[in-house]
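The values are calculated or read from the model by the stated rules, or taken from the named source; none is laboratory data. Since this is a predicted model, take the numbers as computed values, not measurements. Virtual Cβ from ideal backbone geometry, glycine too; neighbours counted across all protein chains shown.
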Amino acid sequence: MFDDFSDTLSLTIAKKILGGFEQHYRNIKRASVEAKRCFEEREWEKIEKDSKLRLNFYDKQVNSFCKKLSVDLNLKKQSVYGAKATMHQQTHLDKFNSEFWKRTKLAYIELITQHKQPELAETFYNSVFCRLFSRSFYNNQYIFTKPCVSLSYIDMDEPVIESFFVEQGQLKDTFTQILKSFSFNCKFG
């Protein structure tokens, strides 16, 4: 079974993955602020260039994080953590440490229970796990196949989404309402 070292290590890895998600989220928010600024200042060429760069933004950040985590876990060779020898190489079932990764997922669940973006944090965890291990491990024991945190109980200052409904002949008014909802610092028209 698990010992204190294994539990501590699982929690450490879970915290690293959550830290990677939070770094990614900060990067996305920073890019969104910059996109808003470019829109307000009508920097159309920069908007186009930046939007092309953002197409692979998530994958690049996950890959970068996985490389760092691989170094931290010494995943270049088979270890007690059950990782594969090199990134994107087939993992053999007999070398996978099932209990360690189940415990890591449980530790991660505890960490994101009070998080403001639990579903995004789960997605990031899944992306990291799936970059490190073969498809044979893609099940609810190791990854999130459904949300583990109920969004109904998250206390938020502002709603995450806003809904708009277009009525017959009101497309222009609805579009104006959408643009105004973003509080752009520029005029339209």
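Residue count for the stretch 107-137 satisfying the condition of being modelled with pLDDT of 90 or more and either of a type in the set (D, E, K, R) or outside any helix (DSSP H, G or I) (or both): 7. Residues that are surrounded by 10 or more Cβ atoms within 10 Å (Cβ to Cβ), modelled with pLDDT under 85 and among the β-branched types (Val, Ile, Thr) occur at least once in the stretch 139-150. A single entry from SER10, SER32 fulfils the requirement of being touching a helix residue (DSSP H, G or I) at 6+ places or on another chain (Cβ under 6 Å) and at pLDDT below 95: SER10.
Residues in the stretch 11-56 that are among the aromatic types (Phe, Trp, Tyr) and without any contact (Cβ under 8 Å) to a residue 60 or more places away in the chain: TRP44 alone.
A search for C-beta distances below 8 Å between a residue of the stretch 167-185 that is more than 17 Å from LYS36 (Cβ to Cβ) and free of Cβ contacts under 8 Å to residues at least 12 places away in the same chain and any residue that is part of a helix (DSSP H, G or I) and of a type outside the set (A, V, I, L, M), counting only pairs 6+ apart in sequence or on different chains, returns GLU167/THR174.
Here's the yes/no breakdown for (1) modelled with pLDDT of 95 or more; (2) out of contact with any helix residue (DSSP H, G or I) (no Cβ under 7 Å at 6 or more places or on another chain); (3) buried (at least 16 other Cβ atoms within 10 Å of the Cβ); (4) in a loop (DSSP other than H, G, I, E, B):
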site	(1), (2), (3), (4)
LEU18	yes, no, yes, no
PHE21	yes, no, yes, no
ILE28	no, yes, no, no
PHE39	no, no, yes, no
LYS46	yes, no, no, no
VAL62	yes, no, yes, no
CYS66	no, no, yes, no
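For the stretch 112-151, the candidate set comprises residues that are among the aromatic types (Phe, Trp, Tyr) and within 13 Å of the chain's Cα centre (by Cα); within that set, the residue that is nearest to TYR25 (Cα to Cα) is PHE124. Of all residues in the stretch 48-60, those being at pLDDT below 90 and closer than 16 Å to VAL33 by Cα number 2.
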